[in-house]
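Readers should treat all values here as calculations from the given coordinates under stated rules, not as data from a laboratory. Please read all numbers here as calculations on a predicted model, not as lab measurements. Positions of Cβ are backbone-derived with ideal geometry, glycine not excepted, and every protein chain shown enters the neighbour counts.
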Amino acid sequence: MHCYFISDKRKRVELGSESSLADKDGDGYIEPFNVNPDEKNLGGTSDASVDLTDTEVYQETHYYPFGMTMEGEWQDIVNGPENNYLYNGKELNTDFGLDWSDYGARYYDAAIGRWGQVDPLASSYVSYSPYNYVANNPMKFIDPDGKQIGVKRTKRKNRRDKVTISYSGVLINNGSGLSNRKVRKLRRKISRKIRRSYKGKGGSIKWRTKVSLRIGSAPKAGDNVIEITNQQNPNLGNQTGLAPNGISALVDGRNRSLNSITKTAAHEVGHNMGLPHNLQESVPGEKVTMFGITTQKMRFMEENTIQPDNPAAGNMMLPGSQPNVAGSNITESQILHMEQDFNNNKLNGSMSGGDESWGTYPTDKPLIDINGNVTKQ
């Protein structure tokens, strides 16, 4: 891997002074070292006099697959402020001589090709060491932040900020009765549904979702899981869909259309991404005392309470009790909810969006009560 950090004529990357340009002599070439002007050949000729102190390349670093830097004359070629964002674009922390790369969720030690902390999702990948890096295969996989679902905001001057969501996972067919051909078609439909539903723009942000979904029989390091199964599966029970945590989505695929399966899968992935149902589903009901023990029942929203003119109608995260107005929309408030969950380290773990209620954050709106009334617009 070769990484060159330069300043172009529009100064889109500025590691030198503000007046510095990569092509110092304006000849149209970026020379890795100083050469005789009469002997230029895309970087010099073999008999050119090499001067590493007057290079047009600010920094050059070569890596082994797991991230260790290769030794060579290029290693100390720094013409201007040194750049510490190196392997995979991660900042190298040299405090106390550790030389660990900061991936956000964890620190990575390229010297041994291992994380410095246990994988918080280790229970999902029991065949790997909890300290493994990208399933010991850095030529094929990357781990952008030490987690699975990523949410990144890019600030833009005088424009809406851009929020990019990253989702990677495996589609597993486990007792759904679907043929291999249909599973392949389903993978394409689910990927397209997630990309299209989790894309849009609002007053302050513009958002999109990158999806990488493969078909497999088991998850690998860094995978979310969408399991197409049936209601006889004890992990699913008598439900059409379930997100028991922030990693797995189970969907009933028996005797259902691919469109119906796709819609349920995208909904459950929303829970994986931290989204609860977008209204108040239940409130404490009457108290009942039996054999000296008092319990409190829960009162749930009645079926089809939400009408088409309700602001919650048409949303991806409506509960199953409101099938008549269920849709595919995701709002700006829901993306902000997802972003805050990510920043608070609530994603990619044991917690599902269904474990919380809509209204956790001040940006959660509108708020709809159990009777379908808007309590916050």
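Some notes on this structure:
- Relative packing of peptides 188-198, 277-287, 231-241 - highest average C-beta neighbours within 10 Å first: 188-198, 277-287, 231-241
- Simple spin-label estimate for Tyr361 and Glu71 in nanometres, 7 Å along Cα-Cβ: 4.9
- Cross-link pairs exceeding 21 Å between alpha carbons, from the set Lys162/Lys210; Lys263/Lys365; Lys155/Lys206; Lys152/Lys346; Lys152/Lys220; Lys346/Lys376: Lys263/Lys365; Lys152/Lys220; Lys346/Lys376.
- Residues Leu275, Leu178, arranged from fewest to most other Cβ atoms within 10 angstrom of their Cβ, appear as Leu178, Leu275.
- Arranged from fewest to most other beta-carbon atoms within 10 Å of their beta carbon, Val374, Val134 become Val374, Val134.
- For Arg254, distant residues with modelled amide H under 5 Å away: Gln231
- Protection-proxy order for peptides 340-349, 291-300, each taking the mean of Cβ atoms within 10 Å per residue, highest first: 340-349, 291-300
- Between Arg114 and Asp109, the built amide H atoms are under 5 Å apart, and every one of these is 5 or more places off in sequence or on another chain.
- Diagonalising the gyration tensor over the Cα atoms of the range 251-377 and scaling each eigenvalue by 5 before taking the square root yields semi-axes of 25, 19, 18 Å, largest first.
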